[in-house]
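Written out below as structure tokens is the structure these notes cover.
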Amino acid sequence: MESYAKRHKSQSKDKVYDSQDGVFVKRLTRVMISDELQVMPLSTASSFSLLSKLGVIDGNAIEERIFDIGVDKVVNLLKSSLVSNTSLTETLLKPKEIPELSKETLNQHSFSFKTNLGDYTSKENDKILIKLILNKSNQKVCYAEVGEDFVNLLFSFLTVPLGYILKEMNGAASKGCIHHLYNSVECLDVEKYFNSYDHREILLSPKIAPSFGYENQPLRVEEAVHPKYYRLSTSVVMFSVDKPADCTEIVLSVKDPKLSHRLAKTGGGFVMGPAMFTVTDDLSVTPISPISGMSILSKLKVPFNEVEERSVYVGTEEAVHLMVASFMSESALTDTFVSQVSKVPKQES
């Protein structure tokens, strides 16, 4: 606060934009958005196609309304896009409580998707080892006993941009209609609608925020970098605008917020270790204790003689599947590991 400083803002590779431009799309761009959040070019052909799809054949059946969109409606629209296929109707015309992801609604959607992993596979020594406690009768995970490395992976899901999750779903339909937005970005003409190719790429392949990553993260999501900040070597008057001629610039480093604790390490995760945790099938994380497992089994009404232990490795492929499962399912561990489990080979005695 006592020295002159400035932030270096890198310019786009394509062109320089002034403050009148839009955020992602060009200013004054006009598009048409369906109830399921599909963004389309505004044209007569698109309008007739949408009306035909909706079964509207009489122009007298169409009514125009104008709405003021505030923060509350924006938040409700985002929530609705995750669980509903009629987001605009539910947000603007028929406001109601956002439906929850119940077991009934989840069962209506098959949990199958392809990821963009390609030929990439984690080396075995880079994988995380966890122990699953299963119910033998229905082959569902009761809970898992894990270390801090697996909990760091779970907590990192909260830092991943929504666009990255949709990218890894690779076209699989979600419970709501948010995937239509992602597909619209892919289909819209870049030069006509977007400020640049970079703006479009930010939406299709977003990165996590700077300092939100950690070393040896199984997910392959990239971490953004901080913009460069400079400090002048000579102290000057606060709020000074002009740079003194005799000052030199010194690049400032941005501190990792995870290093605020004295025991934290550079590139470390979100929880301290070594430590062990219990993770339930719906990803509730608690510190492990002598009675935590028994308490969960009692709650699930699983007899001790129906319990099976199974050890599995968690690499990049499993981590991506688990992240998407956490977005779509209430039994993320079962959906990820039981149907396509990679068992740890038993060691011969």
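Does at least one position in segment 46-55 carry a residue that is of a type in the set (A, V, I, L, M, F, W, C), surrounded by 14 or more Cβ atoms within 10 Å (Cβ to Cβ) and part of a helix (DSSP H, G or I)? Step through it out loud before you land on a result.
Here is the first cut: in segment 46-55, the ones of a type in the set (A, V, I, L, M, F, W, C) are 48, 50-51, 54.
Those still in the list that are surrounded by 14 or more Cβ atoms within 10 Å (Cβ to Cβ) too: 50-51.
So of that shortlist, the ones also part of a helix (DSSP H, G or I) come out as 50-51.
Looking through segment 46-55, at least one residue is of a type in the set (A, V, I, L, M, F, W, C), surrounded by 14 or more Cβ atoms within 10 Å (Cβ to Cβ) and part of a helix (DSSP H, G or I).
Only one of the numbered conditions (1) within 30 Å of residue 176 (Cα to Cα); (2) under 27 Å from the mean Cα position of the chain (by Cα); (3) hydrophobic (A, V, I, L, M, F, W, C) is not met by residue 312, and that is (1).
Among residues belonging to segment 321-336 that are among the β-branched types (Val, Ile, Thr) and modelled with pLDDT of 90 or more, point out the one that is farthest from residue 133 (Cα to Cα). The selected residue is 336. Select from segment 1-43 the residues that are open to solvent by 70 Å² or more (accessible area, probe 1.4 Å) and closer than 13 Å to residue 198 by Cβ and write down the one among them that is modelled with the highest pLDDT. By that ranking, first place goes to 24. In segment 69-84, how many residues are in a loop (DSSP other than H, G, I, E, B) and either over 17 Å from residue 94 (Cβ atoms) or aliphatic (A, V, I, L, M) (or both)? Result for segment 69-84: 2.
The values are calculated or read from the model by the stated rules, or taken from the named source; none is laboratory data. This is a predicted model, so every value here is computed, not measured. Here the Cβ is made from the backbone with ideal geometry for all residues, glycine too, and neighbour counts use every protein chain on show. With ligands, DNA and RNA removed, areas are computed over all heavy atoms of the protein, side chains included. Shrake-Rupley method; radii C 1.70, N 1.55, O 1.52, S 1.80 Å.
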